[in-house]
Amino acid sequence: MRPLFICAAAAALSACSGSSADLTDLAGNTGKREVVTAKYGDALPLTSAAELQRHKDGEQEFIRNRTGAQGLGPVMTGIACFACHDAPPATGGTNQRIETRFGRRNPDGSFDELISLGGPMAQDEAIGKVNATTYVPEKVPPEANVVTGRRTTPLFGLGLVDATPDATFIAIAAWQLAHEGATAGRPAMVHDLVTGKTAVGRFGWKAVHPTLLQFNADAFVNEMGITNPLFPQENCPQGNCALLADNPSPGVNDPDGTALNLVTDFTRFLGPPPRKTAGPADGAATFKSIGCGACHLATLVTGTVPEPALDQVAYHPYSDFLLHDMGTLADGIDQGDAKGNEMRTQPLWGVAQQTRLLHDGRARNVSEAILMHDGQGKAARDRFSALSDPEKTALLAFIATL
């Protein structure tokens with residue numbers, strides 16, 4: 001079977017190497033222009049003065065440390081968004097924090113998130129003593145037979161992903177199925193809590209959230225314990241809801257979504273990773289020829305939206321944001337529409353800034369990450385293994401520019 005090429009027939013060959021000439025994605029959408037930033041942390045080009053102020057106000061909420069009296073906890077994984085996204089090169093990056101998810105795979109194949117025992121995520125920090133209750137970090141219960149790490153990822157460019165139409169991801173999946181069924185992904189169909197409708201998931205390791213707002217709202221309640229309009233229910237510490245009797249901030253902590261909207265404005269207008277000088281042409285060609293582009297699509301195009309900064313622009317995430325069967329590399333967790341063997345394609349943009357790779361951080365460099373691929377990624381992995389040393393060097397040099 002020939003490798004899957006990442007550009008549609010109508011797109012120029014330069015599109016596959018991330019050339020600035022490329023404005024067309026695999027679904028046939030053509031952007032008005034290409035989004036390019038000079039450095040990490042830049043706002044999107046054409047962000048208006050009013051939007052830029054919202055972006056800056058949102059950054060202040062993003063770095064704000066909270067206390068129990070201000071809605072934090074009682075169990076959580078950090079005291080602010082910044083606690084996990086505080087690393088260089090800019091606010092919104094990642095310190096490579098590894099969180100723990102767990103559950104139980106039953107004999108009949110069904111998956112139990114073990115909510116009554118604190119699942120599906122172990123909040124490993126707590127606010128301590130409040131009145132008669134001492135809140136302590138959660139632990140993985142012995143009933144769990146599936147335990148996995150989840151690496152915190154950067155937030156750069158996510159507003160562009162948010163502004164990409166569902167139809168684009170559906171079209172990409174259909175194109176892959178028609179041309180290369182063995183490596184075709186599928187869109188995660190999940191529940192949009194705002195519209196009440198089914199939508200394409202694109203955020204998170206399992207593509208469980210369809211919008212940036214919902215993605216952030218989930219982080220508010222699960223990472224910081226801040227309940228909000230989309231997720232109004234507090235996490236019961238280790239599944240024991242009786243412990244919430246001494247919760248210092250009962251009720252919805254962000255009732256009108258003010259803090260949530262601020263953080264979403266910060267992330268919406270946060271520009272994508274800046275592209276380094278294009279790598280060797282032979283490295284880009286090898287990226288295509290061995291099939292890396294089967295999942296890591298170079299170009300997507302946003303839809304028609306009111307904000308000029310996000311309206312019909314081409315960007316280069318190097319991901320299709322679809323679910324793929326990753327075999328032994330997957331985390332075994334059922335979440336949203338994703339099964340235990342499925343993971344969303346992780347974007348490669350900004351990968352050179354990452355010191356840990358894959359969902360659980362087990363890989364320390366790109367070469368290791370490729371060699372750990374399995375399932376639908378196995379064929380590309382095997383082709384990579386068969387490359388000569390100079391070919392591998394050129395390929396890795398190309399990826400380092402993304």
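The values are calculated or read from the model by the stated rules, or taken from the named source; none is laboratory data. Keep in mind it's a predicted model, so treat the numbers as computed, not measured. Note that we place each Cβ from the backbone using ideal geometry, even for glycine, and neighbour counts take in every protein chain shown.
General observations
- Filter result for residue 151 (buried (at least 19 other Cβ atoms within 10 Å of the Cβ) and under 26 Å from residue 243 (Cβ atoms)): no
- Reported count of residues in the range 24-65, each being among the basic types (Lys, Arg), within 17 Å of residue 262 (Cα to Cα) and not in a helix (DSSP H, G or I), is 1.
Residue-by-condition table, conditions (1) surrounded by fewer than 22 Cβ atoms within 10 Å (Cβ to Cβ); (2) farther than 30 Å from residue 144 by Cβ; (3) of a type in the set (Val, Ile, Thr); (4) touching a Pro at 6+ places or on another chain (Cβ under 8 Å):
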position: 289; (1), (2), (3), (4): yes, yes, no, yes
position: 295; (1), (2), (3), (4): no, no, no, no
position: 304; (1), (2), (3), (4): yes, yes, yes, no
position: 307; (1), (2), (3), (4): yes, yes, no, no
position: 315; (1), (2), (3), (4): no, yes, no, yes
position: 327; (1), (2), (3), (4): yes, no, no, no
position: 338; (1), (2), (3), (4): no, no, no, no
position: 344; (1), (2), (3), (4): no, no, no, no
position: 347; (1), (2), (3), (4): no, no, no, yes
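- Exactly one residue out of 334, 282, 320 is among the acidic types (Asp, Glu), touching a Phe, Trp or Tyr at 6+ places or on another chain (Cβ under 9 Å) and surrounded by 24 or more Cβ atoms within 10 Å (Cβ to Cβ): that is 320.
- Pick from the range 96-120, criterion touching a helix residue (DSSP H, G or I) at 6+ places or on another chain (Cβ under 6 Å) and either closer than 17 Å to residue 218 by Cα or not hydrophobic (A, V, I, L, M, F, W, C) (or both), ranking: surrounded by the most Cβ atoms within 10 Å (Cβ to Cβ): 118
- Residues of the range 365-389 satisfying the condition of being on the phi < 0 side of the Ramachandran plot and either modelled with pLDDT under 95 or in contact with an Asp or Glu (Cβ under 7 Å, 6 or more places away or on another chain) (or both): 376
- Here residue 127 fulfils each of the conditions (1) surrounded by fewer than 22 Cβ atoms within 10 Å (Cβ to Cβ); (2) closer than 21 Å to residue 246 by Cβ apart from (1).
- For the range 254-265, the set of residues classified as touching a helix residue (DSSP H, G or I) at 6+ places or on another chain (Cβ under 6 Å) and in a helix (DSSP H, G or I) consists of 259, 260, 262, 263, 264, 265, listed by residue number.
- The numbered conditions (1) crowded, with 20+ Cβ neighbours inside 10 Å; (2) closer than 17 Å to residue 221 by Cα are all true for residue 83 except (1).
- Members of the range 202-238 that are surrounded by fewer than 24 Cβ atoms within 10 Å (Cβ to Cβ), under 13 Å from the mean Cα position of the chain (by Cα), on the phi < 0 side of the Ramachandran plot and assigned to a loop (DSSP other than H, G, I, E, B): 205, 208, 211
- Qualifying residue in the range 164-182 (condition: of a type outside the set (Ser, Thr, Tyr), part of a loop (DSSP other than H, G, I, E, B) and crowded, with 21+ Cβ neighbours inside 10 Å): no
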